[in-house]
Amino acid sequence: DVKVTQSSRYLVKRTGEKVFLECVQDMDHENMFWYRQDPGLGLRLIYFSYDVKMKEKGDIPEGYSVSREKKERFSLILESASTNQTSMYLCASSFLPGRERYEQYFGPGTRLTVT
Amino acid sequence: KNEVEQSPQNLTAQEGEFITINCSYSVGISALHWLQQHPGGGIVSLFMLSSGKKKHGRLIATINIQEKHSSLHITASHPRDSAVYICAVSTSGTYKYIFGTGTRLKVLA
């Protein structure tokens, strides 16, 4: 079974703090994704990475950065957390298109509250 | 207008009922995905479809490529089916999903 794990299920941080969310997958997937999920807005892509050290902006990258130093690990960084970044954050991973099965596998999510 | 539309947004059913959730999309796709999210957050992939019909237990997913429409059916619904069901499409040549906003299903005992 594919396993995608995230470093925390719940996190509470103060405004202005630097926040690291970490995601690890064990399936040798090329692609990794960070999403946020908000009521009424659904899932929105923040950043994704298709290879080590490669990244592309998603739909809402402002206020976030990412790091992928190893294939299995993809980190989301909030440089200076703000209250409007309070949300559920979900990581996912997948093979590249062209493989028979390239659906995304999701982690359990991190509910981040910024006070 | 969203590129992926789901209906209904909310659905309450009695245990045992047959349930249908619909998804329409307006872009060219390589595949359509049905996802399930239980309270607490984790998302599970139920189906990946590029044509026809797939069945897993009590769940059936169909897709009509010409009409750009997919349905997820649950037969003999059970309270443990209560979850948010999300439709997503992979567009040709990209890694990314375009998501619908989800259908919140509650099945009452």
Unit-weight point scatterers at every alpha-carbon of the protein assembly as shown, Debye formula, q = 0.12, 0.14 1/Å: log10 I(q)/I(0) is -0.65, -0.88
Could you compute how much accessible surface A:M54 exposes when probed at 1.4 Å, giving the result in Å² to the nearest 10? 80
Mind grabbing the accessible area of B:K54 for me, 1.4 Å probe, Å², rounded to tens? 80
Largest to smallest accessible area among A:R111, B:R80, A:R44 [probe 1.4 Å]: B:R80, A:R111, A:R44
The stretch A:31-115: C-alpha gyration tensor shape, a/c 1.5 cut-off, then a/b vs b/c: prolate
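Pairs A:K13/B:K96; A:K53/B:K96; A:K57/B:K68: which are spaced more than 26 Å apart, C-alpha to C-alpha? Please report the intermediate quantities before stating the final value.
Numbers: A:K13/B:K96 30 Å; A:K53/B:K96 18 Å; A:K57/B:K68 28 Å.
Distance filter (> 26 Å) returns A:K13/B:K96; A:K57/B:K68.
Per residue, how much accessible surface does the protein assembly as shown expose to a 1.4 Å probe? Answer in Å², no decimals.
Numbers: 10970 Å² over 224 residues.
Per residue, the protein assembly as shown has an accessible area of 49 Å².
If contacts are Cα pairs under 8 angstrom and at least 6 residues apart, what is the relative contact order of chain B in percent?
37
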Heavy-atom accessible surface buried between B and A, both sides counted, 1.4 angstrom probe, nearest 100 Å², is 1700
If you average 1/r across every pair of different Cα atoms in chain B and take the reciprocal, what Kirkwood value do you get, in Å? 13.9
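The values are calculated or read from the model by the stated rules, or taken from the named source; none is laboratory data. What you are looking at is a predicted structure, and each value in this text was computed from that prediction instead of being measured. Quick note on the areas: whole protein, heavy atoms, side chains included, nothing else; ligands and nucleic acids left out. Shrake-Rupley method; radii C 1.70, N 1.55, O 1.52, S 1.80 Å.
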